[in-house]
Amino acid sequence: MIGYMKMRRAIVMFSGGKDSVAALLIALLQGFEVSAIVTFMPLHSHPWYVHKPLVEYTHLQLKLLSIQKKHIMMPLTSKDRELERLEIKKALENLYAKIPFDYIVLGIIASDAQRTAFLDLCNSIGVKLYTPFWGKDPAQHLLDIVNIGIKFVITAINAWGLPIEFLGRVVDFSLALRIIELSKRYGFNPSFEGGEAESFVIYTPLFKDKKICIDYEIQSISYFEGYLIPKAIYIC
């Protein structure tokens, strides 16, 4: 039993978006011993391999899950794609030297670039990559996220066919169906795997009686591009 538990230690890549939150919950429910929850904080606007919007508020989500003490936030300074990949690799190699783990948990669905980068990292360290959503149908994945009780808001939009009126809205089953309908018409990924939109989770069933509230303004660039400007984000 001791050897089995040792082989289930994991770190979770955590951005606060719907996929990373769902991947964390699945890892916990499947019995992984979560050694650390890692959030990269990009210092530039458009990182290649990680999520940026509202990552500075991920501590609120982890506080509601009562696992904030395992949270590690790492700055990410590189603008170049390859340099960013190498910076992530070095940061996680250094973390492995301090906090040994056997798996990296990643909430990707279809991003070959992210999967390849993290597989290379895992191979260099000698650990395994766990991607519970890899290869799932993106429309079904979106519905599954909503059906298990995860509530999230859309924080940024950058896709033809995805109207900015969806910014700030909590994605429920009805809105998920609307997003899927629009994705079929306009050709974007309904799970936003290609950066069509970004999300931030405000509630999961493990939050119990609390949630996260967001006071915001909307910055509109075009009818299909915009983002939230948070004025206040807090537990409520």
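The values are calculated or read from the model by the stated rules, or taken from the named source; none is laboratory data. This one's a predicted model, so the numbers in the text were calculated from it and none came from an experiment. Here the Cβ positions follow ideal geometry from the backbone for every residue, glycine too, while neighbour counts run over all protein chains shown.
Among the residues of segment 216-236, what is the count of those that are among the aromatic types (Phe, Trp, Tyr) and outside any strand (DSSP E or B)? Even if it seems obvious, please write down each step before you answer.
Taking segment 216-236 as the starting set, the residues that turn out to be among the aromatic types (Phe, Trp, Tyr) are 216, 223-224, 227, 234.
Now restrict to residues that are outside any strand (DSSP E or B): 223-224.
Qualifying residue count for the region: 2.
Taking segment 1-60 as the search range and keeping residues that are among the aliphatic types (A, V, I, L, M) and in contact with an Asp or Glu (Cβ under 9 Å, 6 or more places away or on another chain), which one is modelled with the lowest pLDDT?
Result: 5.
So which residues in segment 25-59 are in a helix (DSSP H, G or I) and either assigned by TED's automatic domain parsing to the domain that holds residue 211 or buried (at least 19 other Cβ atoms within 10 Å of the Cβ) (or both)? Walk me through it before giving the result.
Going residue by residue through segment 25-59, those that are in a helix (DSSP H, G or I) are 25-29, 55-59.
Selection gives 25, 27, 55, 58.
Quick one: residue 92 ticks every box in (1) buried (at least 18 other Cβ atoms within 10 Å of the Cβ); (2) at pLDDT 95 or above; (3) out of contact with any Leu (no Cβ under 7 Å at 6 or more places or on another chain) except a single one, so which number is it?
(3)
Looking only at segment 80-111, count how many residues are charged (D, E, K, R) and within 16 Å of the chain's Cα centre (by Cα).
0
Got at least one residue in segment 106-124 being farther than 17 Å from residue 197 by Cα, β-branched (Val, Ile, Thr) and in contact (Cβ under 8 Å) with a residue 24 or more places away in the chain?
So far as segment 106-124 goes, no, none of its residues is farther than 17 Å from residue 197 by Cα, β-branched (Val, Ile, Thr) and in contact (Cβ under 8 Å) with a residue 24 or more places away in the chain.
Looking at this structure, is residue 76 surrounded by 15 or more Cβ atoms within 10 Å (Cβ to Cβ) and at positive phi?
Spelling it out, it is not the case that residue 76 is surrounded by 15 or more Cβ atoms within 10 Å (Cβ to Cβ) and at positive phi.
Residues in segment 181-197: is at least one in contact with a Gly (Cβ under 8 Å, 6 or more places away or on another chain) and within 14 Å of residue 150 (Cα to Cα)?
No, segment 181-197 has no match at all.
Do we find that residue 123 is in the same structural domain as residue 97 (by TED's automatic domain parsing) and either out of contact with any Lys or Arg (no Cβ under 9 Å at 6 or more places or on another chain) or closer than 22 Å to residue 53 by Cα (or both) in this structure?
Values: in the same structural domain as residue 97 (by TED's automatic domain parsing): yes; either out of contact with any Lys or Arg (no Cβ under 9 Å at 6 or more places or on another chain) or closer than 22 Å to residue 53 by Cα (or both): yes.
Taking the combined requirement at face value, the residue satisfies it.
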